[in-house]
Amino acid sequence: MRSFDLALPRFLASALAACALAACSSGGDLDASSDDALHRTLAPQSLQHGTVRAGSSLVFDFAGEVGDAVVPDVWPTGGTGSPLLPTLQLFGPPDASGTRPLLASGTPASDGPAHLSLQLDLPQSGSYQLAVGGQGASAGRFSLRMWSSASRTPRPEAMQVSLLLAPTAPVEAALDVHASGGARDGVAWSANEIDAIVALIRSETDLIGALSDCTLLYSTMEYAHQQGLAADALVEKAEQIGAERVGDPATFARMPTSVQSFALYWLGVVQPAVFRPTEESTTRPQLAAPLARVAERISALVASWSGAVEVASARKVTSFTRGGALYGYAADWQAVQLDTDGVTQVFSWSSTDFFGAAGGWLGESSLGALEPDDGD
C-alpha cells in the first residue's frame, strides 16, 4: 500500500495455492477467537479488518451480478512489521452439489508479497465468498478492501446527474450535411442553413434535447470557423440560441436541477458557448454567501464518508456568468479514505458537483470510490 501518493501500480496475474474454508461463527471486529472461520457481509467500496489465526480462514459473503468487475485486495495491518503473509481466494456460487468452485486467488501487488489482489468479471449472478487466510503458520491482523464496478459508493446513484448529450434527430441530420462525406462536405455554411437549425432548436420542447442541439451547433460552428467555412456571425447565432434556451438567471433557476447541471457543464465547462467561466478562490477567510454554501456542502460530503479527508490542493470552484449575471457553480474536488493508521490510502473519490447561483446543490457527476493504487 502507498502512503498518500497517487501512483498506480499494476496488478499481476499468477495463482497461489488454495486454502480450505472453515465452519462459520459470529464476531464483532472479526477477531478469530476460535478455530472456526467467521462470516461477514462485504459491501462494494468497503474496508474490513480482522485477525487470522494460524490454520484458519475468515470468510466474507457478497452478492454480485453477471459481468460485475470485482477487485478485492488484502494486506497485513501494520505493514512490513506484521507476521501475517495473507492468502486471498474468491469462490463462486454453489454448484448442483453445493460446492463453491474456486474462481481466483490473490497474487502479489507491486509493493510486496504481503499485499495480494485479484481481479475478476463475475461469470454469473449470485452469492460469492472471499476467504482470507495465512500462508503456512503465519497469523495476524489484516485489512481487506473490496471494490466493485456495480457501485458508486459513497454516493447514491440518485445523486448523479446525466451529462450524456441527447441531440434531436432533425438537428443531427442538418449538421451531418456538412460532415465528412456529407452532401456539402467542405462547403461554407450559409446563414439560411443556420437559421433553419435555430428554428428547430427554438421549437424543441425537451430541454435536454434543445441544450444538446445548442452544444452541437456551437461546436460545429466553432470548428467550421477555424476551417474558414463559417463567418463570425454564424458563430454568434449559435451563441445566441444557446443563451435564448438558457434564459435569464431567474428562468434558469426554475429549470429542473438536472437541466441546470447539464447546461453549466456543456455550455460552460466543456465550451464557453453561453457562460463565462471564472475560477473562484475558496481559501479566503470570509466567502460570499453562495461560495460559503458550496464550501460547506463539500466539507459535509467529505465528513459523511468515514475516514475520509479532502485533498485540499485538488479543489477548484468555477463560477458561470453571462452578461455579468451569475448562473451557477461547478466544484471539482477529491477526497481520500484512510485506513486506521491515518496514512494509508484505501479509496480515492473525485467528483464534480454543480450548484445554483445561490449556492444550492444541484447534483454531481462521480464514478464513486476508486482504488488509488489500481493498475491499468
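Taking only the alpha-carbon atoms of the range 54-108, what semi-axes of the equivalent ellipsoid follow from 5 times the gyration tensor eigenvalues under a square root, in whole Å, largest first?
Value: 26, 14, 9 Å, ordered largest first.
With the contact rule set at Cα under 8 Å and sequence spacing of 6 or more, what percent relative contact order holds for the chain?
Once divided by the residue count of the chain, the mean separation gives 16 percent.
Which one is right for this structure if Cα extents along the principal axes in Å is calculated from it: [x] 150, 67, 33; [y] 63, 48, 29; [z] 80, 54, 32?
[z]
What is the spin-label model distance, in nm, from residue 179 to residue 225 if the labels are put 7 Å beyond Cα along the C-beta direction?
The answer from the label model is 2.2 nm.
In terms of the ratio Rg/(2.2 N^0.38 Å) built on C-alpha atoms, what value belongs to the range 278-370?
Cα Rg divided by the expected 2.2 N^0.38 Å: 1.14.
Within a 10 angstrom radius of the beta carbon, how do 316, 237 rank from fewest other beta carbons to most?
316, 237
What is the distance in Å between the Cα centroid of the range 82-96 and that of the range 212-280?
Using only Cα atoms, the two centres lie 53 Å from each other.
Relative contact order (percent) for the range 278-370, with alpha-carbon contacts under 8 angstrom and 6 or more residues of separation?
With pairs under 8 Å counted, the relative contact order is 25 percent.
Output the relative contact order of the range 24-146, whole-number percent, from Cα pairs under 8 angstrom with separation of 6+ residues.
Worked out over the range 24-146, it gives 37 percent.
Which order results if 85, 164 are arranged by neighbouring Cβ count within 10 Å, fewest first?
Listing 85, 164 from fewest to most nearby Cβ atoms yields 164, 85.
Would you mind counting up the charge near residue 118? Only other residues with Cβ under 12 Å from its Cβ, with Lys and Arg at +1 and Asp and Glu at -1.
-1
If you count the DSSP beta bridges with both ends in the range 24-146, what percent of them are antiparallel, to the nearest 5?
Of those bridges, close to 85 percent are antiparallel.
Taking the Cα atoms of the range 221-319, report the difference between the largest and smallest coordinate on each principal axis, in whole Å and largest first.
That gives 54, 31, 26 Å along the principal axes, largest extent first.
Taking neighbour Cβ counts within 10 Å as the exposure measure, how do 202, 245 sort from fewest upward?
Fewest-to-most ranking of 202, 245: 202, 245.
A short reminder: the numbers here are calculations on the coordinates, not readings from a lab. Since we're looking at a predicted model, the values are computed, not measured. Because the Cβ atoms are built from the backbone with ideal geometry, glycine has one as well, and the counts that use them run over all protein chains shown.
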